[in-house]
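What follows is a short report on a single structure.
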Amino acid sequence: MKKSFLHVLGTAAILTFAACGSNATEAGEAQETAEASSAASNFTVTEGSKVQFHGYKIVGKAEHTGEFNVTEGTLSVEGNALIAGSFTIDMTNINILDERADEYKQMLLGHFASDDFFRVEVFPTSKFEITNVVAKAEGDYTHEISGNLTIRDSVKNITFPANVSISEEGVTATGKTTINRLDWGINYDKEKMSLSDELKAKAKNGLVSEDVDIEFNISARVATEATAEETTEESASEE
């Protein structure tokens, strides 16, 4: 029994060490969100806006890609510049993009929705709120966007490069970054674990990279009267 215990402890330590050295964007404390003035034009985030994630395993070649729908949000523009905005992410409807059998996808859905990852029963939505936008004159990206990302009720500020396109009809914003899932409490830890369960959790946690690639694909358009009516009806039905 002692040998088995030491073996598990050693394995957990090795795997945890292997997961160190994250390449993720540094996550900071939440910042004050940017606010649009009365002169700003507000665009409503459209259906089809997505947030994609891509995770990896430390051991082996397994990797998984999925996406979430953006359910609502607004992007604010003033003087042909994106200055503020936020959007809500539906965590309950995960679309697995892996080319795998349906049975395996169902297993992954349960895994991602559980306490091990997004804990969607308790935290059904996530959110991104812009805190700052800086235009770039050179390089592969037009802007650098900073914002508060909320996952599992944990709020951290991140900054990433993005391409933003603005017209009279609408706004598109795409950006990609890498986050450390541990910054948002996605670490397999559960309350009231026995020592053996805790060691198993650490070993399992070490198998999955701390780094998760996140890609934002957001589009927004001018809010029409029909859109305003739909929003009013949805608010009334929720009440």
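The values are calculated or read from the model by the stated rules, or taken from the named source; none is laboratory data. In this text the structure is predicted, and so the values were computed from the model without any measurement. We place every Cβ from the backbone using ideal geometry, glycine too, and count neighbours over all the protein chains shown.
Before moving on, here are some points about what is shown:
- Whichever residue in the stretch 135-144 is part of a strand (DSSP E or B) and free of Cβ contacts under 8 Å to residues at least 60 places away in the same chain and, among such residues, is nearest to Asn217 (Cα to Cα): Glu144
- Residue count for the stretch 91-124 satisfying the condition of being buried (at least 16 other Cβ atoms within 10 Å of the Cβ) and either assigned to a strand (DSSP E or B) or charged (D, E, K, R) (or both): 6.
- Cross-chain or 6+ apart pairs with Cβ under 6 Å, the stretch 161-172 first and farther than 16 Å from Ala135 by Cα, then surrounded by 18 or more Cβ atoms within 10 Å (Cβ to Cβ): Gly170/Phe43; Gly170/Ala220
- Residues satisfying the stated conditions in the stretch 35-72, i.e. touching an Asp or Glu at 6+ places or on another chain (Cβ under 8 Å) and not in a strand (DSSP E or B): Ala36, Ser37, Ala39, Ala40
- Residues satisfying the stated conditions in the stretch 125-141, i.e. surrounded by 15 or more Cβ atoms within 10 Å (Cβ to Cβ) and touching a Ser or Thr at 6+ places or on another chain (Cβ under 8 Å): Thr125, Ser126, Lys127, Phe128, Glu129, Ile130, Thr131, Asn132, Val133
- Verdict on Pro161 being of a type outside the set (A, V, I, L, M), farther than 19 Å from Glu215 by Cα and at pLDDT 95 or above: no
- Within the stretch 73-90, restricting attention to residues that are part of a strand (DSSP E or B) and without any contact (Cβ under 8 Å) to a residue 40 or more places away in the chain, the residue that is surrounded by the fewest Cβ atoms within 10 Å (Cβ to Cβ) is Asp90.
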